[in-house]
1. Quick one: which residue in G22, G16, G71, G27 is crowded, with 19+ Cβ neighbours inside 10 Å, on the phi > 0 side of the Ramachandran plot and not basic (K, R)?
2. From the list V73, V39, which one is at pLDDT 95 or above and either within 10 Å of the chain's Cα centre (by Cα) or of a type outside the set (A, V, I, L, M, F, W, C) (or both)?
3. For Y55, state whether it is touching a residue at least 24 places away in the same chain (Cβ under 8 Å) and among the aromatic types (F, W, Y).
4. Say whether the condition of being crowded, with 16+ Cβ neighbours inside 10 Å, among the small types (G, A, S) and at pLDDT 95 or above is met by at least one residue in region 51-62.
5. Can you tell me which residue within region 76-91, out of those that are modelled with pLDDT under 90 and of a type outside the set (V, I, T), is nearest to S9 (Cα to Cα)?
6. In region 73-101, which residues are of a type in the set (V, I, T) and more than 17 Å from C24 (Cα to Cα)?
7. Among the residues of region 74-90, write down those that are closer than 27 Å to L18 by Cα and loosely packed, with under 15 Cβ neighbours inside 10 Å.
Amino acid sequence: MEKQTLPNSTLILVFGILSILGCCCYGILGIIFAIVAIVLAKKATALYTENPELYEGHNNVKTGRILAIIGLVLSIVYLIYVIFIFATVGFEGYQEMIEEFRRSAGA
């Protein structure tokens, strides 16, 4: 009997990677991708533990879950940082910081 690939195993891996990349978008996209990947990984792992001899691709699920957890932590930390910056210097101060950074990087 041929083994089947776990449902969404590749999607979990892709969402885990996107959760790390998404932390650069103020943390919001990273959190969304990470939560979806973790929920899908939990379902896939439960399916795999019921009948491990029927499925393959569990390594993708484990790797995607680990990446999603890392992405979730990074996104939460970055989101807290952004909230802190907006609370202390405000949006105008944040724009001034970015302009100053651009001027110093361009010189």
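1. Answer to the selection: G27.
2. V73
3. For Y55, the condition - touching a residue at least 24 places away in the same chain (Cβ under 8 Å) and among the aromatic types (F, W, Y) - is met.
4. The answer is no, given that none of the residues of region 51-62 is crowded, with 16+ Cβ neighbours inside 10 Å, among the small types (G, A, S) and at pLDDT 95 or above.
5. Ranking the candidates gives F86 first.
6. T88, V89
7. Of everything in region 74-90, those that are closer than 27 Å to L18 by Cα and loosely packed, with under 15 Cβ neighbours inside 10 Å turn out to be V77, I80, Y81, V82, I83, F84, I85, F86.
The values are calculated or read from the model by the stated rules, or taken from the named source; none is laboratory data. Everything numeric in this text was worked out from a predicted model, so none of it was measured. Heads up, the Cβs are rebuilt from the backbone with ideal geometry, glycines too, and the neighbour counts pull from every protein chain shown.
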